[in-house]
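The values are calculated or read from the model by the stated rules, or taken from the named source; none is laboratory data. Please read all numbers here as calculations on a predicted model, not as lab measurements. Methodologically, a virtual Cβ is constructed for each residue, glycine included, from the backbone with ideal geometry; neighbour enumeration extends over all protein chains shown.
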Amino acid sequence: MNNKKMYLITGGAGFIGSHLIEHLIKEANIICVDDFNDFYNPQIKRDNIKKYLEMSNFKSYEASIVNYEAMSKIFHANKIDHIVHLAARAGVRPSLEHPRLYANTNITGTINLLELAKLNNIDKFTFASSSSVYGSRNQGLFNEEMKIDKPISPYAATKASGEQICYTYSHLYDMNITCLRFFTVYGPRQRPDLAVHKFAKLIDEGKTIPVFGNGSTKRDYTYIDDIIQGVTSAINYNKTKYEIFNLGESRTVELGYLIEQIEKVLGQKAIIEPHCVQPGDVPVTYADITKARELLNYKPVVQIEDGLEKFAHWFESYYKDSSEILV
């Protein structure tokens, strides 16, 4: 490779990871690590990074962060400057069915990376956390000083644990670590199991969409470009050794309104299939981004209405113009 800074991005072939690579690739060397598991069609992730495979400043490794020996070989083969740890078993509902899998990947995998960072003298580490760590709150902004001692899903518990172990390594080994609490990220290349993408596909196919509860749950939907701006700012942050930042839009969107807007951008009506509220689901997420604005100069600009228009343009191209439909 060259003398540019080298980033190891775990989960690099996924939704957020592939967008981050797209942003960094012109000015940095990228090591992408992904296990291409079957949580959803792995070909989707392979397609996300295929355009980089012939680039001299890009390497891709198919490996699990749980496999310490495999990860150790990757670290020894590359002079890594900064770890951006995005890989995780994601999703609240699946974590209720597979708690041991989630704990193994999200906790043990994170410890493996921190330990390898320590052993290889890598003191820059960015960790992808989640708004789910805040648990069940009914009102008010979520700020980083709130206690996160009551997670209501195994997924949330593993992310809270990840933040704790990141603090431990920062304290013990003088590592510069930022933890980023993402709030419901959406946009082009979004995972097919997530609400915006899932609903759009079902509506487009004339199928029913499952709505859990009465449609009054609220989420702080954050467009991918705004998230990437926040992540890149966090990567460059070095004023303190350990910080946690919310990355959201700081606006709540009710589920019923989200569905209406998806109907609008697709020009089709949804067929609602009501279900009971699911265990582990929270009633609302709402990011206080004051800290990120002040310390990261984080400036989210894409409102949900505009973001869904952008998503719809990608959706139309991906599903209507592609000869092979991937789900």
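Kindly indicate whether ALA200 is surrounded by 16 or more Cβ atoms within 10 Å (Cβ to Cβ), modelled with pLDDT of 95 or more, assigned to a helix (DSSP H, G or I) and touching a Gly at 6+ places or on another chain (Cβ under 8 Å). No; evaluated as a whole, the condition is false for this residue. Taking the numbered list (1) out of contact with any His (no Cβ under 6 Å at 6 or more places or on another chain); (2) crowded, with 19+ Cβ neighbours inside 10 Å in turn, TYR7 passes all entries but (1). The strands (runs of 3 or more DSSP E) found wholly in segment 52-160 include none carrying at least 3 residues that are of a type in the set (Val, Ile, Thr) and surrounded by fewer than 19 Cβ atoms within 10 Å (Cβ to Cβ). Candidates are the residues of segment 240-283 that are under 19 Å from the mean Cα position of the chain (by Cα) and part of a loop (DSSP other than H, G, I, E, B); the one that is surrounded by the most Cβ atoms within 10 Å (Cβ to Cβ) is GLY248.
Taking ILE235, is it under 30 Å from MET6 (Cα atoms) and β-branched (Val, Ile, Thr)? Considered against the rule, which asks whether it is under 30 Å from MET6 (Cα atoms) and β-branched (Val, Ile, Thr), ILE235 comes out as yes.
Cβ separations smaller than 9 Å between residues 6+ apart or across chains give the following pairs from segment 208-221 residues that are free of Cβ contacts under 8 Å to residues at least 60 places away in the same chain to residues that are of a type in the set (Phe, Trp, Tyr): GLY215/TYR257.
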